[in-house]
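Asks: Pasting a structure here, questions to come.
The values are calculated or read from the model by the stated rules, or taken from the named source; none is laboratory data. Everything numeric here is computed off the predicted structure, so don't read it as measured data. Cβ atoms come from the backbone with ideal geometry, glycine included; neighbour counts cover every protein chain shown.
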Amino acid sequence: MSTREAGSGARVTALVTRQDLEAREADTLAPYATLSRDHAGREHPEPESAGRTAFQKDRDRVLHTPAFRRLEAKTQVFLNFSQAASADHYRTRLTHTLEVQQVARSVAVNLGLNETLAEAVALAHDLGHPPFGHAGERLLDSLLAADGGFNHNTQARRIVTELERHSRHFPGLNLTRDTLDGLNKHHRDGLGQPSLEAQLVDAADALAYTAHDLDDGLRSGLLTPDQLMDLPLWQDLLARTGVNAPPLTSLDRRMLHRELLGWLITDLTEASARSIQDSGVQSAAQARAWPHRLITYSDPMRALLRDTGTFLRERLYRHWRVEMQVEQAQRTLHTLFHAYLNRPGMLPPQARVNAERHGLPRAICDQIAGMTDRYALETHAALTPPAATPSWPH
Ligand code: MG
């Protein structure tokens, strides 16, 4: 507990303990928030920290992993594996993750949810992405079709429970079940709803990529301001900002992105507050037992976002220049996978241990999925003979 020197008001000790932090949560968060003192435990029991809550520990463990640092050199949607300086401003998997974290924290504070749990889930939510984004994911899924397939959400959980090591005694990070459950995006198997904090991260993820893919699409020239005029969300956005487009300056584009983020965050916050209030839920357990998700957009915004998703799929994610990169990415990973399959001795020692435990295809998949775009391209180049110089006998 904080103490102050009598009379002077000067702080002499300010040791805030975990119990203080837990009490602060209980005093200040909404009744439907997930409190860290009520966390659902860890697979391997461990003592609580003196100065951090359980969710703070989870957040910090994720942040300090090599898997988190590698997000810096993984493609978000497209373009990042170009070595060109022009690619420097596009989102990477890391900056996307930080945008999701920021959105989730902002909304969590406004809704009285546990900001730290939301932050821990947000930081971990994309750890499972392989190199080259969804192009890499689809290829690994097809290569592993007979061995359980590949999915980035399942892989994120695999990374934090199996592949990352931070203890001699057990694999994984030993995160709380609350944080792990937040990573179970599509595989809930009758578990009810995720916590409101995990629902919030899902919404923040979609919010962030919708806004930044429009922005990166325009920046790259793959989307044009003319094309966007077909999009109801864009028309509303122009009306809100007073920007006349086209043409669109880079300052206009930034203003539109800023406005879009603010608009989406406000809609998500207000609509979620209404739905929580209308539901009458009074505890985290009641929120999880509710028949549908309570973190939601307004109906009009949901319709706008649905149209925007369709637009992005058709005009950006399947743009012919993106398709060229998808082809290059998939050829690269296909070659790597079969090279390791033919010669498992090329796998590093830990991957060979994994092969004994989980089978060779899964161990190769883990090895490749952990690579950055750069590392995958370099490894591929190292296995590919340089173009032969014809030398004719004479
Ligand atoms: Mg994401």
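Asks: Return yes when E119 is away from the ligand (no atom under 16 Å from the Cβ), among the charged types (D, E, K, R), touching a Lys or Arg at 6+ places or on another chain (Cβ under 7 Å) and closer than 30 Å to P31 by Cα and no when it is not.
Replies: Numbers: away from the ligand (no atom under 16 Å from the Cβ): no; among the charged types (D, E, K, R): yes; touching a Lys or Arg at 6+ places or on another chain (Cβ under 7 Å): yes; closer than 30 Å to P31 by Cα: yes.
The answer is no for E119.
Asks: Something else: Residues that are among the hydroxyl-bearing types (S, T, Y) and modelled with pLDDT of 75 or more: which helices (runs of 4 or more DSSP H) entirely in the stretch 1-101 hold 1 or more of them? Give the steps one after another, and end with the answer.
Replies: Details: elements: 18-28, 54-63, 66-70.
In the stretch 1-101, the matching helices (runs of 4 or more DSSP H) lie at 18-28.
Asks: Right, next: Based on what the data block shows, is S272 within 26 Å of D38 (Cβ to Cβ) and either modelled with pLDDT under 95 or over 18 Å from the mean Cα position of the chain (by Cα) (or both)? Explain how you work it out, then say what you get.
Replies: Working: within 26 Å of D38 (Cβ to Cβ): yes; either modelled with pLDDT under 95 or over 18 Å from the mean Cα position of the chain (by Cα) (or both): yes.
Yes.
Asks: Just to be sure, is L117 over 19 Å from R318 (Cα atoms), surrounded by fewer than 22 Cβ atoms within 10 Å (Cβ to Cβ) and touching a Phe, Trp or Tyr at 6+ places or on another chain (Cβ under 7 Å)?
Replies: Here the answer is no, as L117 does not meet what is asked.
Asks: Hey, another quick one. Considering only residues that are in contact (Cβ under 8 Å) with a residue 60 or more places away in the chain and hydroxyl-bearing (S, T, Y), which ones fall in the stretch 338-380?
Replies: Scanning the stretch 338-380 gives T372, Y375.
Asks: What number of residues within the stretch 270-293 satisfy the criterion of being buried (at least 19 other Cβ atoms within 10 Å of the Cβ) and in a helix (DSSP H, G or I)?
Replies: 6
Asks: What helices (runs of 4 or more DSSP H), lying completely within the stretch 174-240, carry at least 2 residues that are in contact with a Cys (Cβ under 8 Å, 6 or more places away or on another chain) and away from the ligand (no atom under 16 Å from the Cβ)?
Replies: The helices (runs of 4 or more DSSP H) meeting that bar number zero.
Asks: Now for a different question. On the basis of being more than 20 Å from L268 (Cβ to Cβ) and in a helix (DSSP H, G or I), does R306 make the cut?
Replies: In short, no.
Asks: Among the candidates A135, A145, single out the residue that is surrounded by fewer than 22 Cβ atoms within 10 Å (Cβ to Cβ), farther than 28 Å from E25 by Cα and hydrophobic (A, V, I, L, M, F, W, C).
Replies: Residue meeting the stated conditions: A145.
Asks: In the stretch 148-155, is there at least one residue being within 14 Å of the ligand (Cβ to nearest atom), part of a loop (DSSP other than H, G, I, E, B), closer than 14 Å to R70 by Cβ and under 16 Å from the mean Cα position of the chain (by Cα)?
Replies: no
Asks: Among the residues of the stretch 103-128, how many are without any contact (Cβ under 8 Å) to a residue 24 or more places away in the chain and either in contact with an Asp or Glu (Cβ under 7 Å, 6 or more places away or on another chain) or over 21 Å from A54 (Cβ atoms) (or both)?
Replies: Going through the stretch 103-128 one residue at a time, the tally reaches 2.
Asks: Could you grab me the full set of residues in the stretch 115-147 that are small (G, A, S) and more than 11 Å from the chain's Cα centre (by Cα)? If you could, list the steps in order and put the result at the bottom.
Replies: Of the residues in the stretch 115-147, the ones small (G, A, S) are 118, 120, 122, 124, 128, 133, 135-136, 142, 145-146.
Passing the criteria: A118, G133, A135, G136, S142, A145, A146.
Asks: Return yes when L377 is over 30 Å from T161 (Cβ atoms) and touching a helix residue (DSSP H, G or I) at 6+ places or on another chain (Cβ under 7 Å) and no when it is not.
Replies: When the stated conditions are applied, L377 does not pass them.
Asks: Residue under question is T296, and the condition is that it be in contact with a helix residue (DSSP H, G or I) (Cβ under 8 Å, 6 or more places away or on another chain) and either exposed (fewer than 14 other Cβ atoms within 10 Å of the Cβ) or outside any helix (DSSP H, G or I) (or both); does it hold?
Replies: In short, yes.
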